[in-house]
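A.B. asks: Supplied in structure tokens, the structure appears directly below.
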Amino acid sequence: MAKEYAKDFYNSKAWKKTRNAYYLYRRGQCERCAREFEAGKRSLEDINAGAIVHHKEYITPDNLHDPTIALCFDNLELLCEEHHNKEHKSKPKRYRFDEKGRVIKV
């Protein structure tokens, strides 16, 4: 979900136009899945469709209105949900479950 300061940006005509153009430019394919395929780590059938146009350099209140950051293809990457979630949830897990379903602190 977009941060509060970026909601207007993500609803803007400029962003929607850029996002749609980038999606078409990348032919709707997740860029990281494609790189994994090229490296022999993923099969062709396992390349996911792109779902989210991701900013490589994250949007902040300071760069939100800088088109070289917010709207430039060089700062964008089309990701599937799997890779986008890995990007934003890459923190190590603090808990796991044992075989009986009990929480274990890691």
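A.B. asks: In the set Tyr23, Tyr5, which member is touching a Gly at 6+ places or on another chain (Cβ under 9 Å), in a helix (DSSP H, G or I) and open to solvent by 80 Å² or more (accessible area, probe 1.4 Å)? It would help to see each step written out before you state the result.
C.D. replies: On the way: Tyr5 fails: touching a Gly at 6+ places or on another chain (Cβ under 9 Å).
Exactly one of Tyr23, Tyr5 is touching a Gly at 6+ places or on another chain (Cβ under 9 Å), in a helix (DSSP H, G or I) and open to solvent by 80 Å² or more (accessible area, probe 1.4 Å), namely Tyr23.
A.B. asks: Residue check: is Arg32 within 15 Å of Glu81 (Cα to Cα) and touching a Leu at 6+ places or on another chain (Cβ under 9 Å)? First the steps, then the outcome.
C.D. replies: Working: within 15 Å of Glu81 (Cα to Cα): yes; touching a Leu at 6+ places or on another chain (Cβ under 9 Å): yes.
For Arg32, the condition - within 15 Å of Glu81 (Cα to Cα) and touching a Leu at 6+ places or on another chain (Cβ under 9 Å) - is met.
A.B. asks: Which pairs do you get when a residue that is in contact (Cβ under 8 Å) with a residue 24 or more places away in the chain and under 17 Å from Ala70 (Cβ atoms), found in region 19-33, comes within reach of a residue that is of a type outside the set (Gly, Ala, Ser) and surrounded by fewer than 16 Cβ atoms within 10 Å (Cβ to Cβ), reach meaning Cβ atoms under 8 angstrom, with the pair 6+ apart or on two chains?
C.D. replies: Within 8 Å, the pairs are Tyr22/Phe73; Tyr25/Phe73.
A.B. asks: In region 46-68, how many residues are within 25 Å of Cys33 (Cβ to Cβ) and not aromatic (Phe, Trp, Tyr)?
C.D. replies: Summing the residues that are within 25 Å of Cys33 (Cβ to Cβ) and not aromatic (Phe, Trp, Tyr) in region 46-68 gives 13.
A.B. asks: Restricting attention to region 30-45, and to residues there that are at pLDDT 95 or above and open to solvent by 60 Å² or more (accessible area, probe 1.4 Å), which single residue is nearest to Glu4 (Cα to Cα)?
C.D. replies: Arg35
A.B. asks: Tell me, which residue of region 8-20 that is in contact with a Phe, Trp or Tyr (Cβ under 9 Å, 6 or more places away or on another chain) and among the charged types (D, E, K, R) is surrounded by the fewest Cβ atoms within 10 Å (Cβ to Cβ)?
C.D. replies: Here is the first cut: in region 8-20, the residues in contact with a Phe, Trp or Tyr (Cβ under 9 Å, 6 or more places away or on another chain) are 9, 15-16, 18-19.
If we keep only those that are among the charged types (D, E, K, R) too, we end up with 16, 19.
Working: Lys16: 11, Arg19: 16.
The extreme case among them is Lys16.
A.B. asks: Considering each of Ile69, Ile59 in turn, give the residue that is outside any helix (DSSP H, G or I) and surrounded by 15 or more Cβ atoms within 10 Å (Cβ to Cβ).
C.D. replies: On the way: Ile69 fails: outside any helix (DSSP H, G or I).
After ruling out the rest, the residue left standing is Ile59.
The values are calculated or read from the model by the stated rules, or taken from the named source; none is laboratory data. The structure presented is a predicted model; accordingly, all values stated were derived computationally and were not measured. Here the Cβ is made from the backbone with ideal geometry for all residues, glycine too, and neighbour counts use every protein chain on show. Quick note on the areas: whole protein, heavy atoms, side chains included, nothing else; ligands and nucleic acids left out. Shrake-Rupley method; radii C 1.70, N 1.55, O 1.52, S 1.80 Å.
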